[in-house]
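The values are calculated or read from the model by the stated rules, or taken from the named source; none is laboratory data. Here the structure is a predicted model, which means the values were calculated and not measured. Positions of Cβ are generated from backbone atoms using ideal geometry, with glycine treated the same way; all protein chains shown enter the neighbour counts. Surface areas here come from the heavy atoms of the whole protein model, side chains and all, with no ligands, DNA or RNA. Shrake-Rupley method; radii C 1.70, N 1.55, O 1.52, S 1.80 Å.
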Amino acid sequence: REIHSERAKKFSKILNIPIYHISKVKDMHMWQLCHLAMVVPIADAYYEADCPEKAGKEWKTERKTAKRLKRNFCFLKKKFGRLSPCKMNISRFLPLPILTIVLSITFESRFGNKLMYQHAMKAPDEMRGLHRLFYLYTKNISCRKGRRFVQ
């Protein structure tokens, strides 16, 4: 069920971005894991790029990011049986070259600049902490089942 409150519309205007589709999440833990599975590799791409502002133009960096996204989402799907939101499954099924192109375009977009690049650059300690905790969490899940998750 989509919710479009006046408050959400005002917030969207402040950010100068189109309104997001807001919906109720039944399993917030899974949603947060999927969010981390996505934002951690994206932030890593900026920190590993030769020129963070132009990370979308660095094919090697984008390919590595695409691989990490695929690996993270495949791992979560295998361990939990689902992803949230469901559209995260796209990263699992897109061929690596296509996902790499999509990432490159996204990194170079206004959206990428405003919601990915600027946040990663303003919060490197937070993002590195999330990186460490996300991969520690996945490692602990893997060890419980006798399989190892490699970053």
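By its C-alpha gyration tensor, with a ≥ b ≥ c as the square roots of the eigenvalues, how is the stretch 30-151 shaped: rounded for a/c under 1.5, else prolate for a/b larger than b/c, else oblate?
On the way: a/c = 1.86, a/b = 1.45, b/c = 1.28.
Here the stretch 30-151 falls in the prolate category.
Going by average Cβ density within 10 Å per residue, which order do the peptides 41-47, 73-79 take, highest to lowest? Write down the numbers at each step before the final one.
Details: 41-47: 21.4, 73-79: 17.0.
Descending packing order for the listed peptides: 41-47, 73-79.
Considering only protein heavy atoms and a 1.4 Å probe, what is the carbon-and-sulfur percentage of the accessible area of the stretch 23-67? Don't skip to the end; give the middle numbers.
Working: 1400 of 2550 Å².
Answer for the stretch 23-67 is 55 percent, counting heavy atoms of protein chains only.
Using Cα pairs under 8 angstrom and six or more residues apart, how large is the relative contact order of the stretch 31-151, in percent?
On the way: 109 pairs, mean separation 35.8, N = 121.
Over the stretch 31-151, the number comes to 30 percent.
Dividing the Cα convex hull volume of the stretch 44-107 by residue count, how many Å³ per residue is that? If you can, show how the numbers build up before the last one.
Numbers: hull volume 5.1 nm³, N = 64.
Convex hull of Cα atoms, per residue: 80 Å³.
Under 12 Å from the Cα of Lys64, which aspartates and glutamates turn up, not counting those fewer than eight places away in the same chain?
Asp44, Glu48
Rolling a 1.4 Å sphere over the protein heavy atoms, what is the accessible area per residue of the stretch 28-150, to the nearest Å²?
It amounts to 58 Å² per residue over the stretch 28-150.
Quick one: of Lys24/Lys122; Lys54/Lys79; Lys24/Lys77; Lys26/Lys114, which pairs are farther than 24 Å apart, Cα to Cα?
Values: Lys24/Lys122 29 Å; Lys54/Lys79 34 Å; Lys24/Lys77 21 Å; Lys26/Lys114 28 Å.
Cα-Cα > 24 Å for Lys24/Lys122; Lys54/Lys79; Lys26/Lys114; rest within.
Taking the dipole about the Cα centre of the stretch 59-151, with the C-beta of Lys and Arg at +1 and of Asp and Glu at -1, give me whichever of Thr100, Leu115, Leu133 is farthest to the positive side.
Leu133
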